[in-house]
Structure formats: structure tokens, C-alpha cells
Amino acid sequence: MFFPPLDSTVVVDVPPNARAGGVSLLFRARTGSASALEQLKQDGVQVQAWTNAPVDEDGPEGQWRGYNFEEVPVTSETTESDGAVVTPFSLPSPTGDNPVDEPFTLFLTLKLRPLPRYQSEADFLVTYRLLYPSGEVRWLGHHGHDLRCVLKKTDPWLAPPVPVDQSSGSVSRVFSSVTMKEPWGCWAIGEGSVKYYPKGTTTDAEAAFLVFVPKRGPSTFALHQPIILHGAGLKLDLSGTITCRTSTPTRVYNAITSEPELSFAVPDLGLRWLGVKNGYALITSPAHEQPVNIYAVPLLADTSPAERPTQVGLNLASNGLFAEDSRFVVYNSSSNGVLESSSAHIHLTIGASGGSCVLRGISHM
């Protein structure tokens, strides 16, 4: 069974700003059983999508091509330069969910070109086929019953901003509302606080930054990138309405481009900025406080066929958190996970929604 299915139409919102890049689309071929998947491999059969999609950096516009579905590779262990196997500390998802497990499934991700400036809408067709080692092709659809994908140039995250009315005299105003069709969550970064809020919850304090992060599910087709709002008095309510301070402009960025703003503003919020590693903004509570809270906020969504946790190495000594020879524990209260270490270099395993943990020097326990 294929997703999206043949003989259907799917509408995908694509960012109007070409600098945001084109959207990535995730196709699935669900074989249904281990034996069916193994038979395809034994017979050397390639499951393909045959499409005229505007794939990024892949030939002339409108050209039909075949793209192979593939299995997700097995994640290998991480090793240090001396060959020792690393034991990473896993940050539990702030959503409480585990990555979606889709057994006996082949995946295909296509990254599309941005729509040209003069074009507000485009469409393309997809059908599926089996390609045998002999060159024989077995088409799995019928003429006129392809999958039709419609690309519409519209912000996938936010409704158009509400015009500012400075004459209202109100301290706060409505800025916009979240319109994302896929599941999502939000990290709020404010005065001495970094906190995750699932969709449908209300932030409990004003924030300087709101980072909106997509959350992949079994029916996710469009893989969008996180965005970040930077302003003052930012709040999010359970309906997805965003309010801000009337007197301060609110800016919206592709999250991965926001490192300069974050690095400048985070210290002024009473937090410590450790930089961006492997697509995550790493923020801690002040180093002089014990215990030290570490937050990993996603700025870049993984567009690989299936989500896998990302490993991030962090040198605590070079970041001024602990001395080189300190002994400490890493733990997370929600998972009850604990890791004791005498090395100032730790490895964190982080999921797509980010996460947090606590460091405490053993001498302080």
C-alpha cells in the first residue's frame, strides 16, 4: 500500500520566500510483512515512484524520472577517536511520544525546488511501479488515476500578520495564528526559562522567542522546517493565536538562520548560550547555578526518510560548565534516566522535538 495513494489529490503549502527552500515530501511503500519485503530484496525488485515532480537540482522542469524507495539504514554506534564506544544519554521527547515505528516500510524523500517568484501554484503527477532486474516494468496504477500533488505558495505555518493599530492604546495585540496542517509543538524562550508546549496548550509566561517545530506522524507528507518568532511579550494560546507587545516589532525567521539573534539575546534573558550543533540550539541555565539545566531546541528538521535520534557531543569544560576532571551525573526526571560520568565530554541523543536534561556535580549531591 502506498502513501499518498494513487487516484487522489494532495495540496501542499510551500513557503512563499524562496530563501526558505522548497518543501520535502515523504512517500511510503508499506509492504505489509517481513516476508513480502524480503521477497522484493531477494528478487532484486526496485519499488519506484515515477513522477514529473520539480525535484531540486535534478534535470529540466517537467521531466519524468523514476526514484527508488529504500529501507531505512540501521543506526551505527558512535565511537571516540580512540575507538572506544560512546554511551550517550538519551533526552526523552518533551511530547512524551516515541518516534513513529513503521515496520516493513520503504521510504522515499523528494526535496522540491522553490516555486518561481512569478508562480503561485503548480502541480505534478506521481504513479508507482516495480522495476525488475531484467528491465521489465510493472505499473501499479492506470492512466488517468495518478496521484496529483498541488503546490500552493502560502505560508505553511502562520496566517497573514494582523495589522498594527498603534492608536488602540493596548499593551498587547494579536500578531497571527498558527495554521500548520501537520502536528507541531512550540519552544518558548523567555526570562530565565526554556519550556516546550505541545499544540493545544497555552504558554504560562511571556517569551522573547517562540520556536515552532513540526512533529512527524504516520500520515505526514510534507516535511516543513521550524520557524522562530522574535519579539517581546510573546504568548501562545490553546487555539494557536499568538499575541505580542504592541510597542515592539515581531520578526519571523527560518529557525536555522536565527543563530545571530539567539546568541545575542539569550544571555540577556539570564540564560547561557552554547551555540548550534547538528541543528539544535543548546541553551543552559547559568553555569554558576547548580544543578545546570541543558535544553536542546530544534532549529532544523530532519528530512531523512525515517526519523532517527541525533547525537550531539558537548564539551562541558570548554563551555565553562564543569572542570575537566569533575565528576557529575546527567539525569532527566520524566524518564528517570541517569548517567554518571567523569569525562567532561558527554554525548546526548536528541529526538526531533528536542529535549532537556539536568547536570549536577557529584560533590554537590
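Looking at Ser120, is it open to solvent by less than 60 Å² (accessible area, probe 1.4 Å), hydroxyl-bearing (Ser, Thr, Tyr) and either under 18 Å from the mean Cα position of the chain (by Cα) or more than 30 Å from Gln46 (Cα to Cα) (or both)?
It is false that Ser120 is open to solvent by less than 60 Å² (accessible area, probe 1.4 Å), hydroxyl-bearing (Ser, Thr, Tyr) and either under 18 Å from the mean Cα position of the chain (by Cα) or more than 30 Å from Gln46 (Cα to Cα) (or both).
Taking into account only those residues within the range 28-58 that are open to solvent by 30 Å² or more (accessible area, probe 1.4 Å) and part of a strand (DSSP E or B), which is nearest to Val150 (Cα to Cα)?
Restricting to residues being open to solvent by 30 Å² or more (accessible area, probe 1.4 Å) and part of a strand (DSSP E or B), the top hit is Trp50.
Any idea how many residues of the range 153-169 are over 24 Å from Tyr197 (Cβ atoms) and either among the acidic types (Asp, Glu) or not in a strand (DSSP E or B) (or both)?
Qualifying residue count for the region: 8.
If Ala159 satisfies every condition in (1) touching a Leu at 6+ places or on another chain (Cβ under 9 Å); (2) open to solvent by less than 50 Å² (accessible area, probe 1.4 Å); (3) within 20 Å of Ile227 (Cα to Cα); (4) not aromatic (Phe, Trp, Tyr) but one, which is the exception?
(1)
If you go through the range 185-227 one residue at a time, how many are closer than 21 Å to Val12 by Cα and assigned to a strand (DSSP E or B)? Reasoning before the result, please.
The initial filter retains those residues of the range 185-227 that are closer than 21 Å to Val12 by Cα, namely 185, 199, 212-227.
Pick out the ones that are also assigned to a strand (DSSP E or B) and you get 185, 212-214, 222-223, 227.
So the count comes out to 7.
Could you please give the count of residues in the range 1-29 that are among the basic types (Lys, Arg) and more than 21 Å from Glu182 (Cα to Cα)? So that I can check it myself, show each step before the final result.
Going through the range 1-29, the residues among the basic types (Lys, Arg) turn out to be 19, 28.
Filter once more, so that each one left must be more than 21 Å from Glu182 (Cα to Cα): 19.
Result for the range 1-29: 1.
How many residues does the range 163-189 hold that are over 21 Å from the mean Cα position of the chain (by Cα) and crowded, with 18+ Cβ neighbours inside 10 Å? Break it down stepwise before answering.
Filtering the range 163-189 down to residues over 21 Å from the mean Cα position of the chain (by Cα) leaves 163-176.
With the extra rule that they be crowded, with 18+ Cβ neighbours inside 10 Å, the set shrinks to 173, 175-176.
Result for the range 163-189: 3.
Quick one: in the range 89-112, which of the residues that are in a loop (DSSP other than H, G, I, E, B) and touching a helix residue (DSSP H, G or I) at 6+ places or on another chain (Cβ under 9 Å) is surrounded by the most Cβ atoms within 10 Å (Cβ to Cβ)?
This residue is Phe104.
Quick one: Val297 ticks every box in (1) open to solvent by less than 10 Å² (accessible area, probe 1.4 Å); (2) in contact with a helix residue (DSSP H, G or I) (Cβ under 7 Å, 6 or more places away or on another chain) except a single one, so which number is it?
That leaves (2) as the condition not met.
Out of all the residues in the range 220-238, is one or more open to solvent by 10 Å² or more (accessible area, probe 1.4 Å) and hydroxyl-bearing (Ser, Thr, Tyr)?
No, every residue in the range 220-238 fails to be open to solvent by 10 Å² or more (accessible area, probe 1.4 Å) and hydroxyl-bearing (Ser, Thr, Tyr).
Looking for something without any contact (Cβ under 8 Å) to a residue 60 or more places away in the chain, of a type in the set (Val, Ile, Thr), in contact with a Lys or Arg (Cβ under 7 Å, 6 or more places away or on another chain) and open to solvent by less than 20 Å² (accessible area, probe 1.4 Å) - is there at least one such residue anywhere in the range 203-213?
Pass one, the range 203-213, residues without any contact (Cβ under 8 Å) to a residue 60 or more places away in the chain: 203-207, 209-210, 212.
Now restrict to residues that are of a type in the set (Val, Ile, Thr): 203.
Those still in the list that are in contact with a Lys or Arg (Cβ under 7 Å, 6 or more places away or on another chain) too: 203.
Now drop any that are not open to solvent by less than 20 Å² (accessible area, probe 1.4 Å), which leaves 203.
Taking every residue of the range 203-213 in turn, at least one turns out to be without any contact (Cβ under 8 Å) to a residue 60 or more places away in the chain, of a type in the set (Val, Ile, Thr), in contact with a Lys or Arg (Cβ under 7 Å, 6 or more places away or on another chain) and open to solvent by less than 20 Å² (accessible area, probe 1.4 Å).
Hey, any hits in the range 284-292 for a residue that's more than 24 Å from Ala232 (Cβ to Cβ), within 22 Å of the chain's Cα centre (by Cα) and not aromatic (Phe, Trp, Tyr)?
No, every residue in the range 284-292 fails to be more than 24 Å from Ala232 (Cβ to Cβ), within 22 Å of the chain's Cα centre (by Cα) and not aromatic (Phe, Trp, Tyr).
Go through the range 277-294 and give me each residue that's open to solvent by less than 40 Å² (accessible area, probe 1.4 Å) and on the phi < 0 side of the Ramachandran plot.
Tyr280, Ala281, Leu282, Ile283, Thr284, Ser285, Pro286, Ala287, Pro291, Val292, Ile294
Under 6 Å between Cβ atoms, at least 6 apart or on separate chains: pull out the pairs that start in the range 2-13 with a residue that is at pLDDT 95 or above and end on any residue that is among the β-branched types (Val, Ile, Thr) and open to solvent by 30 Å² or more (accessible area, probe 1.4 Å).
Correct list of pairs: Pro4/Val10.
Which one of these is at pLDDT below 90 and of a type in the set (Gly, Ala, Ser): Ala265, Ala301, Ala287, Ala232?
On inspection, the qualifying residue turns out to be Ala287.
So, in the range 126-139, how many residues would count as being open to solvent by less than 60 Å² (accessible area, probe 1.4 Å) and touching a strand residue (DSSP E or B) at 6+ places or on another chain (Cβ under 9 Å)?
The qualifying residues number 7.
The values are calculated or read from the model by the stated rules, or taken from the named source; none is laboratory data. Keep in mind the model is a prediction, meaning the values are calculated, not measured. Note that each Cβ is placed from the backbone with ideal geometry, even for glycine, and that neighbours are counted across all protein chains shown. These area figures cover heavy atoms from the full protein model, side chains too; ligands, DNA and RNA do not enter into them. Shrake-Rupley method; radii C 1.70, N 1.55, O 1.52, S 1.80 Å.
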